[in-house]
Amino acid sequence: MSSRILEDSPNARINKTILDRYLTLPLEENIVQATYVWIDGTGEDLRCKDRTLDFIPSSPKELPVWNYDGSSCYQAEGSNSDTYLYPVAIYKDPFRRGNNILVMCDTYKFDGTPTATNKRKSCLEVVNKCIDEEPWFGIEQEYTFLDFDGYPLGWPKNGFPGPQGPYYCGVGANKVYARDIVDAHYRACLYAGVKVSGTNAEVMPAQWEFQVGPCLGISIGDDLWMSRFLLHRISEEFGIVATLDPKPMPGDWNGAGAHTNVSTKVMREDGGIREIEKAVAKLSKCHDRHIRAYDPKQGQDNARRLTGKHETSSINDFSAGVANRGCSIRIPRGVNDDGKGYFEDRRPSSNCDPYSVVEAILRTICLDE
């Protein structure tokens, strides 16, 4: 990391070792610091705030409903700004450790209706209708590290790095940047209880990916959102920005997606390839609806990424193929050979709401809606 970055980033200048003096201060056994995390009105950004509990919770249902200023999160008017947090999932806190927790929350308006960016409620309703089919999801979250000036980390300030080729799964100081953050994030997710299954450097320099899953039903959305929170929170300490923009650099550079791997119980059984093919046929008839569900701007963000180039399909057309990363739906070679397994929907953007993605897929392949 250059001295220029350190000078530009206030967070990077802070001596983090001083904090350890205070984090190691003893607390009474039943005192818990709980960080409530929620999705704001952008449908992309996360917010958080802390409260002290005098008990150790074993379930989200035991946690108090809380509120926040929705007018400062693009979710309410100032004249009626109280917006409510309903805890839905608990994770161990990798920053404070001990009995301290992170809490993923749903957001509701004063009248009890979900906020516009609360996609979890309707997703859960759909998941519950399909629970007997045991839907598993895995999401490959791509993202890009930015310097404090908004330019990709490690890129020359008056030009561009060499063409794509050596960076994917690369090793070496001239090929990958900020592996420290990647490893810190990976370990923090595992500690927290997020089901992270792997990570790797991606095709564009300063671009990385981690995979969440396989998860059953709604838990893929909870885990992915919490993993995003941890990514932003850890990057904050390093003075670096992690962006989920699906096309952070225009031109001959790969964009960023959230490729979604899907299977149901029958797809995972012998002969499941026939069920996969049936699901793909159903998806082919609902392409436009899925495109609208696959990024927060109903396709506008993905239009910059899904061009038919850089390992993407065209946003305007549906396609499917075996081992073809230029298709909307990819059936992995191993799945085709085994005759069972899962399929990969490559259309969701890196900044998608996983709840919306899961709901759209299950409505199409399980509920025939």
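Would you check if there is a residue in the stretch 182-189 being assigned by the TED database to the domain that holds Ile361 and on the phi > 0 side of the Ramachandran plot?
Looking only at the stretch 182-189, we keep the residues that are assigned by the TED database to the domain that holds Ile361, and these are 182-189.
In the following step, the residues that additionally are on the phi > 0 side of the Ramachandran plot were identified as none.
The answer is no; no qualifying residue exists.
Helices (runs of 4 or more DSSP H) wholly in the stretch 167-274 with at least 1 residues that are without any contact (Cβ under 8 Å) to a residue 24 or more places away in the chain - which ones?
Values: elements: 179-192, 219-238, 265-268.
Output list reads 179-192.
This table checks each residue for (1) touching a residue at least 60 places away in the same chain (Cβ under 8 Å); (2) under 19 Å from the mean Cα position of the chain (by Cα).
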site: Gly112; (1), (2): no, no
site: Thr115; (1), (2): yes, no
site: Cys123; (1), (2): yes, yes
site: Gln141; (1), (2): yes, yes
site: Thr144; (1), (2): yes, yes
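Does Arg346 satisfy being in contact (Cβ under 8 Å) with a residue 12 or more places away in the chain, of a type outside the set (Ser, Thr, Tyr), surrounded by 20 or more Cβ atoms within 10 Å (Cβ to Cβ) and out of contact with any helix residue (DSSP H, G or I) (no Cβ under 8 Å at 6 or more places or on another chain)?
Values: in contact (Cβ under 8 Å) with a residue 12 or more places away in the chain: yes; of a type outside the set (Ser, Thr, Tyr): yes; surrounded by 20 or more Cβ atoms within 10 Å (Cβ to Cβ): yes; out of contact with any helix residue (DSSP H, G or I) (no Cβ under 8 Å at 6 or more places or on another chain): yes.
For Arg346, the condition - in contact (Cβ under 8 Å) with a residue 12 or more places away in the chain, of a type outside the set (Ser, Thr, Tyr), surrounded by 20 or more Cβ atoms within 10 Å (Cβ to Cβ) and out of contact with any helix residue (DSSP H, G or I) (no Cβ under 8 Å at 6 or more places or on another chain) - is met.
Can you name the residue in the stretch 275-305 that is of a type in the set (D, E, K, R) and within 24 Å of Arg120 (Cα to Cα) and is also most open to solvent (accessible area, probe 1.4 Å) among such residues?
So, considering only residues that are of a type in the set (D, E, K, R) and within 24 Å of Arg120 (Cα to Cα), the one most open to solvent (accessible area, probe 1.4 Å) is Arg292.
Which residue out of Val194, Val176 is more than 28 Å from Ala293 (Cα to Cα) and within 23 Å of the chain's Cα centre (by Cα)?
Numbers: Val194 fails: more than 28 Å from Ala293 (Cα to Cα).
Going through Val194, Val176 in turn, just one is more than 28 Å from Ala293 (Cα to Cα) and within 23 Å of the chain's Cα centre (by Cα): Val176.
Condition first: in contact with a Phe, Trp or Tyr (Cβ under 7 Å, 6 or more places away or on another chain), of a type outside the set (Gly, Ala, Ser) and open to solvent by less than 50 Å² (accessible area, probe 1.4 Å). Can you find one or more residues in the stretch 46-58 that meet it? Walk me through how you get there before you give the answer.
As a first pass, look at the stretch 46-58 and keep what is in contact with a Phe, Trp or Tyr (Cβ under 7 Å, 6 or more places away or on another chain): 46-49, 51.
Filter once more, keeping what is of a type outside the set (Gly, Ala, Ser): 46-49, 51.
Of the ones still in play, those that are also open to solvent by less than 50 Å² (accessible area, probe 1.4 Å) are 46.
Checked against the condition, which is being in contact with a Phe, Trp or Tyr (Cβ under 7 Å, 6 or more places away or on another chain), of a type outside the set (Gly, Ala, Ser) and open to solvent by less than 50 Å² (accessible area, probe 1.4 Å), the stretch 46-58 yields at least one hit.
Is it the case, given these coordinates, that Val357 is under 24 Å from the mean Cα position of the chain (by Cα), of a type in the set (A, V, I, L, M) and either open to solvent by 30 Å² or more (accessible area, probe 1.4 Å) or at pLDDT 95 or above (or both)?
Details: under 24 Å from the mean Cα position of the chain (by Cα): yes; of a type in the set (A, V, I, L, M): yes; either open to solvent by 30 Å² or more (accessible area, probe 1.4 Å) or at pLDDT 95 or above (or both): yes.
Answer is yes for this residue.
Can you report the number of residues in the stretch 16-28 which are over 29 Å from the mean Cα position of the chain (by Cα) and either open to solvent by less than 80 Å² (accessible area, probe 1.4 Å) or at pLDDT below 90 (or both)?
1
Step by step: first the residues of the stretch 35-61, then only those that are small (Gly, Ala, Ser) and in contact (Cβ under 8 Å) with a residue 60 or more places away in the chain, then the one that is nearest to His232 (Cα to Cα). Which residue is that? Give the derivation first.
To start, the set of residues in the stretch 35-61 that are small (Gly, Ala, Ser) comprises 41, 43, 58-59.
Now drop any that are not in contact (Cβ under 8 Å) with a residue 60 or more places away in the chain, which leaves 41, 43.
Details: Gly41: 17, Gly43: 15 Å.
Across the stretch 35-61, the extreme among qualifying residues is Gly43.
Quick grid of which residues meet (1) within 23 Å of Tyr186 (Cβ to Cβ); (2) in contact with a helix residue (DSSP H, G or I) (Cβ under 8 Å, 6 or more places away or on another chain); (3) of a type in the set (Gly, Ala, Ser):
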site	(1), (2), (3)
Leu19	yes, no, no
Tyr22	no, no, no
Glu28	no, no, no
Leu46	yes, yes, no
Asn67	no, no, no
Tyr91	yes, yes, no
Asn100	yes, no, no
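The values are calculated or read from the model by the stated rules, or taken from the named source; none is laboratory data. Given the structure is predicted, the values throughout are model-derived calculations rather than measurements. Don't worry about glycine lacking a Cβ; one is built from the backbone with ideal geometry, like all the others, and counts go over all protein chains shown. Note: areas computed on protein heavy atoms with side chains; ligands, DNA, RNA excluded. Shrake-Rupley method; radii C 1.70, N 1.55, O 1.52, S 1.80 Å.
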